[in-house]
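Notes follow the structure.
The values are calculated or read from the model by the stated rules, or taken from the named source; none is laboratory data. Since this is a predicted model, take the numbers as computed values, not measurements. As a convention, Cβ positions derive from the backbone with ideal geometry for all residues, glycine included, and neighbour counts pool all protein chains shown.
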Amino acid sequence: MLPRHADPIAAIATAPGRGAVGIVRVSGKGLAPFVQGLLGRTLRPREAHYLPFPDAQGQAIDRGLALFFPAPHSYTGEDVLELQAHGGPVVLQLLLARCLEAAQGLLPRLRLAEPGEFTERAFLNDKIDLAQAEAIADLIDASTEAAARSAGRSLSGDFSKEIHGLRDALVHLRMLVEATLDFPEEEIDFLRKADAQGQLSNLQQSLGRVMQRAQQGALLREGIKVVIAGQPNAGKSSLLNALAGAELAIVTPIAGTTRDKVQQTIQIEGVPLHVIDTAGLRESDDEVEKIGIARAWDEIAGADAVLFLHDLTRQDAPDYVAADADIAGALPEKLPEGVPVIDVWNKIDRAPDGGHAPAAPQAGAHGAVWLSARTGEGLDALRRALLAVAGWQSAPEGVYIARARHVQALQAVDAHLMEAGAQLASDHPALDLLAEELRLAQNALNTITGEFSSDDLLGVIFSSFCIGK
Ligand code: GDP
């Protein structure tokens, strides 16, 4: 534990601004004398007391509710004092300052809390594990109902329970292998009899299920980045507007209007999609436009999925079709492997034959969609195609929120189990390597719940919280 974890801390726990109620929270060891000094009386545990909050001269700053939660039955696991006052910024600042002042002599080293520090204490005092602590931040930050509900499930421990189940199975297998290491003469037979391979493959199957749900959870939290690319006037801005249902990007009939990127987060079935409209891709002598085009290619290079937009009304213009073919040729070079490209054939409302049987080459291995950004026809098909390339499979029920870091940790576990499986399957398994792979798998698993985490990781996670949380 770092020295800073021993300091008592104080903060305004409610959002900045004005509200009916605002809360000042203090957490630390042995708060009772401080409470007595601050309020001039003792408080019964976990009971609301309506009383004045006096300043140093005994004048009431405000009247409100005071609650005292003695350790360990509090949010942080330490003694916690909560002062619920009227929610004005000045009142709350005065109360906070009064707490720091009253601490002199009674609660040495009381200081303002860093972001996320209350929750960090809860984690350090074993009130919650790391995945649950992250779920608290995810619940507060949730941008969709599905994300909020799945954060709630992670917070109540659904995700952690699955991780603990995997860990128990892994520990069992490790014990078997470690025991074998101690009695080498019986090694292989012993492992065979105990069906180590069967245990490992069960574990891998359970891991696969958890990984799939965690990936869905990470998708709900983080979404994917979708870039709309194509020649000027293909209808990129119109498509972004149609998807977002608002006039965001500037739509004009003059080619080259969108010179920089415009981004909007939309949600489809609760999955956030960060959709980026880029400058039209074409040869240009205009310096400003050239910069926009270079940026468009940068965005494309960082996309999780690309919508390659084609204008159906210009399919009889050889130059236009050739330029589309050039972009189609350049896309695979710019895109990391495996990034899906969906061909979107736009303006079916004005296409001669209803827009089918297009002549231009198709870049998208992930199918094509015909639509009209103007009338909205075909947009639902595009939404479905986007959900499919995002990898969204489940209804949000049952999904718990997860982060990219959790998915990566599960993938690391999977890789170690594969190695372990290769050893077990060989006629002469190297038992020490097998044991080592299983140990590494367990370490990777433990980083999720925080049973094996560096201070650096904790710093990164908790500093992204808001102050007072
Ligand atoms: P961008 O340069 O690719 O962003 O293209 P815009 O979205 O600015 O659209 C270029 C022109 O095509 C505008 O005049 C739009 O109104 C028009 N347009 C876009 N989508 C459609 C469509 O589905 N049908 C028709 N008829 N016109 C469209």
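A Cβ distance below 8 Å, combined with a sequence gap of six or more or placement on separate chains, defines the contacts here; from the stretch 218-240, residues that are under 19 Å from ALA388 (Cα atoms) and in a helix (DSSP H, G or I) reach residues that are among the small types (Gly, Ala, Ser) and within 7 Å of the ligand (Cβ to nearest atom) in the pairs LEU239/ALA373; LEU240/ALA249.
Those helices (runs of 4 or more DSSP H) of the stretch 128-208 that lie entirely within it include none in which at least 1 residues are assigned by TED's automatic domain parsing to the domain that holds GLN267 and of a type in the set (Phe, Trp, Tyr). Taking the criterion of being more than 14 Å from the ligand (Cβ to nearest atom), acidic (Asp, Glu) and modelled with pLDDT of 90 or more, the only residue of the stretch 288-318 that qualifies is ASP304. Just to be sure, is LEU219 out of contact with any Phe, Trp or Tyr (no Cβ under 9 Å at 6 or more places or on another chain), more than 17 Å from ASN446 (Cβ to Cβ) and buried (at least 18 other Cβ atoms within 10 Å of the Cβ)? Considered against the rule, which asks whether it is out of contact with any Phe, Trp or Tyr (no Cβ under 9 Å at 6 or more places or on another chain), more than 17 Å from ASN446 (Cβ to Cβ) and buried (at least 18 other Cβ atoms within 10 Å of the Cβ), LEU219 comes out as no. Scanning the stretch 414-436 for residues that are within 18 Å of PHE190 (Cβ to Cβ) and of a type in the set (Asp, Glu) yields ASP427, ASP432.
Checking ALA242, ALA229, ALA255 one by one, the residue that is within 15 Å of the ligand (Cβ to nearest atom) and at pLDDT below 85 is ALA255 and no other. Applying the selection to the stretch 24-45, what residues are buried (at least 20 other Cβ atoms within 10 Å of the Cβ) and either of a type in the set (Asp, Glu) or touching a strand residue (DSSP E or B) at 6+ places or on another chain (Cβ under 7 Å) (or both)? VAL24, ARG25, VAL26, SER27, GLY28, LEU31, VAL35, LEU43 - these are the residues of the stretch 24-45 that are buried (at least 20 other Cβ atoms within 10 Å of the Cβ) and either of a type in the set (Asp, Glu) or touching a strand residue (DSSP E or B) at 6+ places or on another chain (Cβ under 7 Å) (or both).
All conditions in (1) over 18 Å from LEU100 (Cβ atoms); (2) in contact with a helix residue (DSSP H, G or I) (Cβ under 6 Å, 6 or more places away or on another chain) hold for PHE69, with the sole exception of (2).
Rundown of residues vs (1) in contact with a Pro (Cβ under 8 Å, 6 or more places away or on another chain); (2) within 21 Å of ALA142 (Cα to Cα); (3) small (Gly, Ala, Ser), yes/no style:
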position: ALA415; (1), (2), (3): no, no, yes
position: MET418; (1), (2), (3): no, no, no
position: ALA425; (1), (2), (3): no, no, yes
position: HIS428; (1), (2), (3): no, no, no
position: LEU438; (1), (2), (3): no, no, no
position: VAL460; (1), (2), (3): no, yes, no
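When the stretch 12-28 is limited to residues that are in a strand (DSSP E or B) and β-branched (Val, Ile, Thr), the one that is nearest to ILE467 (Cα to Cα) turns out to be ILE12. A residue that is under 24 Å from PHE462 (Cα atoms), surrounded by 13 or more Cβ atoms within 10 Å (Cβ to Cβ) and in contact (Cβ under 8 Å) with a residue 12 or more places away in the chain occurs somewhere in the stretch 51-69. If only residues of the stretch 374-404 that are crowded, with 16+ Cβ neighbours inside 10 Å and without any contact (Cβ under 8 Å) to a residue 60 or more places away in the chain are counted, the one that is nearest to the ligand (Cβ to nearest atom) is GLY378.
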